[in-house]
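First comes the structure, then the notes that go with it.
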Amino acid sequence: MKKPAVLAAAFATVLLAAPALADDFPSAISVSGEASVSAAPDLAQLDAGVANDAKTAKEASDANNAAMGKVLLALKGAGIAEKDYQTSRLSLQPQYGQNKSTGASPVVGFRASNRVTVKIRDVTKAAGIIDTLVSAGANDIGNISFEVTQASKLLDDAREQAVADARRKAEIYARATGVTLGAPLSVTEGGGPVPLFKGRMATAPMAAGAAVAPGEETLSVTVNVSWAIKPKEQ
């Protein structure tokens, strides 16, 4: 895996406390700095489901249980650990028709559906797992997303870059206002990683292999730093 490239950018706001304020309110320069790191995701997550229609609720439910059983067996056969797939939705709903002569909507059948959420810890296998699910009978594949599981560790370099950038900005404002920086008064962190891609895939069976592009995820960190200020030494 290539070393994440740290890209630093900053936006800053300055607070110069007026000398006329109370003595217990320290004069300070407050700056917000931001830095980011790009990394390849190491976890994919998607939903897979089966839906079955039948005349009776039992027939629909039985057919759906059998279909989902094949999907779960396929996941196990593909090397997905049982802890990495979990039922996310079960549904059994009546289906209504329309009686044109009376305007009534009688029950004409039932639809049973079952969905599982699957975690794929090797993103290079995501396309193959999708193909396996479709071949096993899954007719509803969607909500695929990618993430970096060690985001906080990867952000450590970005944190250092953000603090350094915030100090650079603060020094610029200090020179411009004729003061020097003292000790930092406070450091707070905000922001967090945002998933690179999340969407819904086609639910119809695919003739060719699924095309999946995990790309890279950009993780951002923001630090807010306040420095005490003092008069510039003559």
- Query: With all protein chains present and a 1.4 Å probe, how do 159, 89 order by accessible area, largest first?
  - Reply: 89, 159
- Query: Each residue of region 162-169 in turn: what ³J(HN,Hα) in whole Hz from Karplus with 6.51, -1.76, 1.60 and θ = phi - 60°, glycine and Pro shown as x?
  - Reply: 5, 5, 4, 5, 4, 5, 4, 5
- Gyration tensor on Cα atoms of region 42-142, a ≥ b ≥ c root eigenvalues, a/c under 1.5 rounded, else prolate if a/b beats b/c, else oblate, says prolate
- residue 163 accessible area, nearest 10 Å², 1.4 Å probe? 60 Å²
- Query: Once both labels are modelled 7 Å past Cα along the beta-carbon direction, what's the residue 232-residue 180 spacing in nm?
  - Reply: 1.1 nm
- Note on the structure: So, over other residues within a Cβ distance under 15 Å of residue 106, counting Lys, Arg +1 and Asp, Glu -1, the net charge is +2
- FRET efficiency, 1/(1 + (r/R0)^6) with R0 41 Å, evaluated for residue 189 and residue 89 via beta carbons: 0.70
- Query: How much FRET efficiency would the formula 1/(1 + (r/R0)^6) give for residue 119 and residue 218, where r is the Cβ-Cβ distance and R0 is 25 Å, rounded to 0.05?
  - Reply: 0.70
- Per-residue HN-Hα couplings for region 122-136 [Karplus 6.51, -1.76, 1.60; θ = phi - 60°; Hz; x = Gly/Pro]: 10, 5, 5, 9, 4, 4, x, 5, 4, 4, 4, 4, 5, 5, 7
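The values are calculated or read from the model by the stated rules, or taken from the named source; none is laboratory data. Because the structure is predicted, anything quoted here is derived from the model rather than measured. Ideal geometry is used to build each Cβ from the backbone, glycine not excepted, and the neighbour counts take in all protein chains shown. Note: areas computed on protein heavy atoms with side chains; ligands, DNA, RNA excluded. Shrake-Rupley method; radii C 1.70, N 1.55, O 1.52, S 1.80 Å.
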